[in-house]
1. Looking at V275, is it touching a strand residue (DSSP E or B) at 6+ places or on another chain (Cβ under 8 Å) and without any contact (Cβ under 8 Å) to a residue 60 or more places away in the chain?
2. Taking the criterion of being of a type in the set (K, R) and more than 24 Å from G331 (Cα to Cα), would at least one residue in segment 167-181 satisfy it?
3. Test V195 against the criterion of being closer than 22 Å to K8 by Cα, open to solvent by less than 10 Å² (accessible area, probe 1.4 Å) and either of a type outside the set (A, V, I, L, M, F, W, C) or at pLDDT 95 or above (or both), and give yes or no.
4. Evaluate the following for I146: is it within 16 Å of the ligand (Cβ to nearest atom) and either farther than 30 Å from L336 by Cα or touching a Ser or Thr at 6+ places or on another chain (Cβ under 8 Å) (or both)?
5. Among G118, G73, which is farther than 22 Å from A341 by Cα, away from the ligand (no atom under 16 Å from the Cβ) and buried (at least 20 other Cβ atoms within 10 Å of the Cβ)?
6. Here are N177, N126: which of them is within 15 Å of the ligand (Cβ to nearest atom) and touching a residue at least 12 places away in the same chain (Cβ under 8 Å)?
7. Among the residues of segment 203-239, write down those that are within 16 Å of the ligand (Cβ to nearest atom), under 13 Å from G71 (Cβ atoms) and of a type outside the set (V, I, T).
8. What about I162, is it within 16 Å of the ligand (Cβ to nearest atom) and more than 16 Å from the chain's Cα centre (by Cα)?
Amino acid sequence: MSDKNNYKKETILARAAIEDDIQYGAVIAPIHVTSTFTFDGVGNSRHYNYTRSGNPTRDKLGDAISSIENGAGCIVTSSGMSAILLSFHLIKQGDLIIAPHDCYGATFRLLNSYNDNGFFKVEFVNQTDEKALDEAFAKKPALILIETPSNPLLRVTDIKDICRRAKEVGALTVADNTFLSPVLQNPIDLGADVVVHSTTKYINGHSDVIGGCAIASTPELYEKLEWWGNNLGLTGAPLDSYLTLRGLRTIELRVKHQEETAQKIVEFLDNHPKVKKVNYPGLKSHKGHELAKAQQSGFGAMLSFEIDTDLDGISKFIEKINLFSLANSLGATESLIAHPATMTHSMMTDEARKNAGISDSLIRLSIGLEHSQDLINNLDEGLENV
Ligand code: PLP
């Protein structure tokens, strides 16, 4: 018999929770839609006793994600934000968190509100700036949150270097791997203590579930996260877990195809006279290109670009775009377009957005499974209208 631990990602994904129904031999695992489980007599809890603390469907999803992220275990949560929040429970009140100055807007809001309410101290730092990092590490942080490539500017942070430096000062590292998915980047292999995902994005991949997960690099960290997940009550629902597991099985095919299309779109945009700048780590001119090549196994299907226009021109551009849905998400089978300044990053102050480099003329694209030429033609029509 072949050793399960040696299977490649494709095999793990295709076989995730397949043929494990011992009652009827169903090929696809059943959905355990139950809030509670019977005890086998007084004081005799079975393996599962209450869905907040554990559920077979949710665990199957967690096991599959943990395997492809090379983790020791995974807590499936109700959203990406709750996975990030869960990771903060590994440190103590008053501790210092260092986060990227250009992180996802809701992460920025969460951290700021926790800072303002005195739960933690938070500093936002450009993690691609060595001097800023030196100053941040000198303050002895307890937790470093990494988000690479960053949302929406696709800045690439050196995961290995930050994790090494964090270990030197005894800090934990939490890497948000949502933008690339476990198919294209595995932060635990680069030294991260915890990886978080918004499974709403590539892992589920079909824009029909809000979910998240936190993958621990060690059994000790897994045990702590599992305890807090139950304690806080932020674990995911069985039906959502089932759908996410179904989406997960095709993630490799989806992401690789979307990446191919993204590269064609990047080439088109990079050569368009009305486009000022394209942010995509696959471009040789991108500041983080060499680092991305070293720590990622692909450049992904997310990109952003600046049009040489004002807010009115952005509206005219978006008016003509019908093959990209104007919506706040990413990583789905359908292409999505976002205007970060008024959507995903609108909760940041104007000053914080400016500091992060998010201008009013920035557009973010999440490339789906449509034909590349149709997408390019549609972007061309939009740009003609500016
Ligand atoms: N992290 C990143 C990088 C994201 O883009 C998002 C959502 O867009 C989140 C976390 C939060 O995930 P959720 O919306 O599932 O709570």
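The values are calculated or read from the model by the stated rules, or taken from the named source; none is laboratory data. It should be emphasised that the depicted structure is a prediction, and the values quoted were computed from it without experimental measurement. Using ideal geometry, Cβ is built from the backbone for each residue, glycine included, and neighbour counts are taken over all protein chains shown. Accessible surface is based on the protein model in full, side chains and every heavy atom, while ligands, DNA and RNA are left aside. Shrake-Rupley method; radii C 1.70, N 1.55, O 1.52, S 1.80 Å.
1. Details: touching a strand residue (DSSP E or B) at 6+ places or on another chain (Cβ under 8 Å): yes; without any contact (Cβ under 8 Å) to a residue 60 or more places away in the chain: no.
Judged against the criteria, V275 is not a match.
2. Scanning segment 167-181 turns up at least one residue that is of a type in the set (K, R) and more than 24 Å from G331 (Cα to Cα).
3. yes
4. Working: within 16 Å of the ligand (Cβ to nearest atom): yes; either farther than 30 Å from L336 by Cα or touching a Ser or Thr at 6+ places or on another chain (Cβ under 8 Å) (or both): yes.
Answer is yes for this residue.
5. On the way: G118 fails: buried (at least 20 other Cβ atoms within 10 Å of the Cβ).
None of the others qualify; the one that does is G73.
6. N177
7. C213, A214
8. In short, no.
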